[in-house]
Amino acid sequence: MSVKLLDNNPNIADLSDQFRQTKLGEQFCDLYDNEWTDALDALQSRFEERHAISILLDIVMVYVYLTFLSFNL
């Protein structure tokens, strides 16, 4: 019964989905807390803050794009 209820029903969140909105939010929060600040500090030793942030944003965007592609192949 529960499988039928979840199937193609956008109103019910699949809590086992590791890519649901709340889980993605947690992952990006962890990324910021654990990795982003260290990477930003390292990049700021060579670049201005705005450029360093741009580099990190580019990395995240490439990752998101490649992840999206892998799910749609």
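Only the coordinates and a few stated rules stand behind these numbers; no lab work does. Computed from a predicted model, the values in this text were never measured in an experiment. Note that each Cβ is placed from the backbone with ideal geometry, even for glycine, and that neighbours are counted across all protein chains shown.
Put in line by how crowded their Cβ is, counting other Cβ atoms within 10 Å and starting with the fewest, 43, 66, 24 read 66, 24, 43.
The calculated FRET efficiency for the pair residue 42 and residue 17, based on their C-beta separation and a Förster distance of 30 Å, comes to about 0.35. When 46, 20 are sorted by how many other C-beta atoms sit within 10 angstrom of their C-beta, beginning with the fewest, the order is 46, 20.
Per the Debye formula with a single identical scatterer at each Cα and no solvent contribution, what log10 I(q)/I(0) holds for the stretch 20-71 at q = 0.16, 0.19, 0.29 Å⁻¹? Log10 I(q)/I(0), no solvent term: -0.54, -0.72, -1.10. In sequence order, the stretch 58-65 has phi-based couplings of 4, 4, 5, 5, 5, 4, 4, 4 Hz under the Karplus curve 6.51 cos²θ - 1.76 cosθ + 1.60, θ = phi - 60°, and Gly or Pro positions carry x.
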